[in-house]
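Everything below concerns the one structure shown next.
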Amino acid sequence: MPPALLWLLGALVLAGAEALTGDMFLLMLGGGALAAAGSSALLGWPVWADGVVFLVVSVLLLIGVRPALRRRLARDTAPRTGIEALTGRDAEVVEQVAGRGGRVLLDGQVWSARPLNDGDVYAPGDRVTVMAIDGATAVVWQT
């Protein structure tokens, strides 16, 4: 069996095994094996030279491509729920928000609120943004 075919078979086995792990490590090794198959078929180098091509391409893929690919695939796509979902939402002041007191209408519910900056005062009707939730109190800032 020609070496190029063996490298190609190795690349397919590594790519198939990647489906079991999902770590993108075996896929990068499969890319190195594919490069070695190509160099073996096109250039007719000895097997040790194909091994060097496999090693160099695999290392380059592991260092250059794998981190970016893992970052892209590992994005947190879960929807924000609970308190995290309220951060960044707009609210309407229904009772003056100043110092440690006040109330806002947030997502159809009245919440106790306080300003983000201690000296800020927001009048009823003002639009504010929820910066954080501190216990049962919305920390707001005027947009």
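Here are some notes:
- Scalar couplings 3J(HN,Hα) for region 81-96, obtained by applying the Karplus form with A = 6.51, B = -1.76, C = 1.60 to θ = phi - 60°, are 10, x, 5, 4, 6, 7, 5, x, 7, 8, 9, 10, 6, 10, 9, 2 Hz; x denotes Gly and Pro.
- Residue-normalised accessible area of region 27-100, expressed per residue, 1.4 Å probe, Å²: 66 Å²
- Scanning residues 5 or more positions from Val121 or on other chains, none has an amide H under 5 Å from its amide H, with H placed 1.01 Å from N in the peptide plane.
- Top of Asp23, Asp50, Asp118 by mean-square fluctuation, Gaussian network on the chain, Cα under 10 Å: Asp118
- Charge dipole (debye, nearest 20) of region 34-130; +1 at Cβ of Lys and Arg, -1 at Cβ of Asp and Glu: 360 debye
- Note that region 137-143 has calculated 3J(HN,Hα) couplings of 10, 8, 8, 10, 9, 6, 8 Hz, one per residue in order, obtained from phi through the Karplus relation 6.51 cos²θ - 1.76 cosθ + 1.60 (θ = phi - 60°); glycine and proline are x.
- Carbon and sulfur %, accessible surface of the chain computed with the full protein complex present, 1.4 Å: 63 percent
- Between Val56 and Ala17, the contour length at 0.36 nm per residue exceeds the alpha carbon distance by 11.9 nm.
- Amide H contacts under 5 Å for Gln142: Thr129, restricted to partners 5 or more places along the chain or on a different chain, H placed in the peptide plane at 1.01 Å from N.
- In the chain, helical runs assigned H by DSSP with n ≥ 4 each contribute -39500 (n - 2.57); averaged across all residues and rounded to the nearest 500, the mean residue ellipticity at 222 nm is -15000 deg cm²/dmol.
- Farthest toward the positive end of the dipole of region 15-101, out of Ala49, Phe25, Ala85, is the Cα of Ala49, where the dipole comes from beta carbon charges about the Cα centre.
- ³J(HN,Hα) computed for each position of region 59-66 - Karplus, 6.51 cos²θ - 1.76 cosθ + 1.60, integer Hz, glycine/proline x: 5, 4, 5, 5, 7, x, 9, 4
- In this calculation the C-beta distance from Leu69 to Ala49 is compared with R0 = 25 Å, giving a FRET efficiency of 0.35.
The values are calculated or read from the model by the stated rules, or taken from the named source; none is laboratory data. None of the values given here were measured: they were computed from a predicted structure. For neighbour counting, all protein chains shown are included, and Cβ atoms are generated from backbone atoms with ideal geometry for every residue, glycine included. Quick note on the areas: whole protein, heavy atoms, side chains included, nothing else; ligands and nucleic acids left out. Shrake-Rupley method; radii C 1.70, N 1.55, O 1.52, S 1.80 Å.
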